[in-house]
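The values are calculated or read from the model by the stated rules, or taken from the named source; none is laboratory data. All values reported here derive from a predicted model rather than from experimental measurement. Backbone-built Cβ (ideal geometry, glycine too); neighbour counts: all protein chains shown. Note: areas computed on protein heavy atoms with side chains; ligands, DNA, RNA excluded. Shrake-Rupley method; radii C 1.70, N 1.55, O 1.52, S 1.80 Å.
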Amino acid sequence: MPVRLPNRGLLISALSLTLCAPYFAQKNPQSQGEDVTKIYTQNCASCHGANLAGGSGPSLLDPTWHSSGDDSKLIKGIHSGHTAAGMPDFAHLLNDAEIRGLAIYIHEKSTKLQDTQTKYNAPTPGTAVQGEEASFQLEPVLESGLEDPWAIAFLPDGRTLVTERAGRLRIIANGQLLPDAVRGIPAVYGGEGGLLAVMLHPNYAQPGNGWIYLTYGDKSPDGQGLAAVIRGRLRDGAFVDQQQIFKADSSFYRGGGARFGSQLLFDGKGHLFFSEGDRGSPGDEQDLTRPNGKVHRVNDDGSIPQDNPFVNRAGAMPSIWTYGHRNAQGLAFNPVTGDLWESEHGPRGGDELNILSPGHNYGWPVTTFGMNYDGTPI
């Protein structure tokens, strides 16, 4: 999941952080029912109270009531009822999507209440914390001066690269933000399609390498956009020797400012994975001729690995590794198993954590655990 920083401009180097600001209109599949608030009011409030705090029936704000957050049991309870407790079944009144929406609604209200009642420990920079598998500590890199920082990469010489979504690549040296942004960065689309991921080539420090990879929202001449991948080298404050690693034909670009993805990840075998958001165009994710709503795999120079799953399928985009994604913004390998994990912004209540297998379909928008942002079911 993305990590939200509590103060604008504060950058912490515990993990590679991705910020996502849901400030743009979200286009989801067409609604198939009523707003979940109305569904609750009509079917549940008379027993459980208008604010879910209880009445003739128990409070729904206690997480133990719905099996400590287990969605399947909560959904089953709404669907089939609890006869011994006097709760009727709702399978004859509500469809599956509406019942799923009710489960999301109950979780949201319960979590909001718990958040107001829970005191959280503030992270203490410089203090080691022991986890189950390893210890870690937070180290402040910079506490002010950045605007919408998106991703970070650490150079071998101790400097830090930071992308700002507005389209600037910044350098932090000796704890100070250099006043001038790196020159020569491609123009960005805007909205969520700004300057996004930054990553060093695994062999960055070797002679003749020095490659830095960036993802950004590319803008077509007619004002449409899609994420693109470029690499270059840092020299005298400029991004030079640029090579386009991935840039789809502009006929695939989409309008609007939402859901560009995007993340980068090397596998240590010369392959580069990157994600493309669906750009708010439900249906494209299931279309193997289109790049959006996919995770892609290319060689480090942008060429296509011949063992990619769709490389020999007529009409399919050969860089596709997996499909059926909404807005994938996290990629990481399990260091023990080698599995490729992906985190994905779903609709309301439908964020996903997936283990990716080549060629597999991850469902969106055909299947989802979430609902539309307006409370209507998908």
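What the table shows:
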quantity	calculated
Condition check for Phe274: open to solvent by 30 Å² or more (accessible area, probe 1.4 Å), out of contact with any Cys (no Cβ under 8 Å at 6 or more places or on another chain), closer than 15 Å to Asp218 by Cβ and among the aromatic types (Phe, Trp, Tyr)	no
Failed condition for Val295, given (1) more than 17 Å from the chain's Cα centre (by Cα); (2) open to solvent by less than 20 Å² (accessible area, probe 1.4 Å); (3) β-branched (Val, Ile, Thr)	(1)
Unique residue being more than 21 Å from Gly350 (Cα to Cα), in contact with a Pro (Cβ under 7 Å, 6 or more places away or on another chain) and not aliphatic (A, V, I, L, M) when the list is Gly158, Gly81, Gly145	Gly81
Flag if Glu133 is in contact (Cβ under 8 Å) with a residue 60 or more places away in the chain and of a type outside the set (Phe, Trp, Tyr)	no
Out of Tyr189, Tyr216, sole residue that is buried (at least 20 other Cβ atoms within 10 Å of the Cβ), within 26 Å of His271 (Cβ to Cβ) and in contact (Cβ under 8 Å) with a residue 40 or more places away in the chain	Tyr216
Test for Val336: is it touching a residue at least 60 places away in the same chain (Cβ under 8 Å), open to solvent by 50 Å² or more (accessible area, probe 1.4 Å) and among the hydrophobic types (A, V, I, L, M, F, W, C)	no
Members of the stretch 339-367 found to be open to solvent by 20 Å² or more (accessible area, probe 1.4 Å) and under 28 Å from Arg165 (Cβ atoms), listed by number	Trp341, Ser343, His345, Arg348, Gly349, Asp351, Glu352, Leu353, Asn354, Tyr362, Pro365
Lone qualifier among Thr322, Thr367 - being part of a strand (DSSP E or B) and either of a type in the set (S, T, N, Q) or touching a residue at least 40 places away in the same chain (Cβ under 8 Å) (or both)	Thr322
Subset tally (residues that are more than 23 Å from Arg170 (Cα to Cα), among the hydroxyl-bearing types (Ser, Thr, Tyr) and touching an Asp or Glu at 6+ places or on another chain (Cβ under 7 Å)) for the stretch 233-292	0
Where a residue in the stretch 258-270 is more than 18 Å from Gly324 (Cα to Cα) and open to solvent by 20 Å² or more (accessible area, probe 1.4 Å) and its partner, wherever it lies, is part of a loop (DSSP other than H, G, I, E, B) and at pLDDT 95 or above, with Cβ under 8 Å and at least six apart	Phe266/His201; Phe266/Pro202; Phe266/Asp300; Gly268/Pro202; Gly270/Asp300
Subset of the stretch 300-347 (residues that are over 21 Å from the mean Cα position of the chain (by Cα) and of a type in the set (Phe, Trp, Tyr))	Phe310
Residue ranges of strands (runs of 3 or more DSSP E) in the stretch 74-178 with at least 1 members open to solvent by 20 Å² or more (accessible area, probe 1.4 Å)	140-142, 149-154, 168-173
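Residue-by-condition table, conditions (1) among the aromatic types (Phe, Trp, Tyr); (2) at pLDDT 90 or above; (3) closer than 30 Å to Ala153 by Cα; (4) in contact with a Cys (Cβ under 6 Å, 6 or more places away or on another chain):
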site	(1), (2), (3), (4)
Arg4	no, no, yes, no
Ala14	no, no, yes, no
Val36	no, yes, no, no
Ile39	no, yes, no, no
Cys44	no, yes, no, no
His48	no, yes, no, no
Asn51	no, yes, no, no
Ser72	no, no, no, no
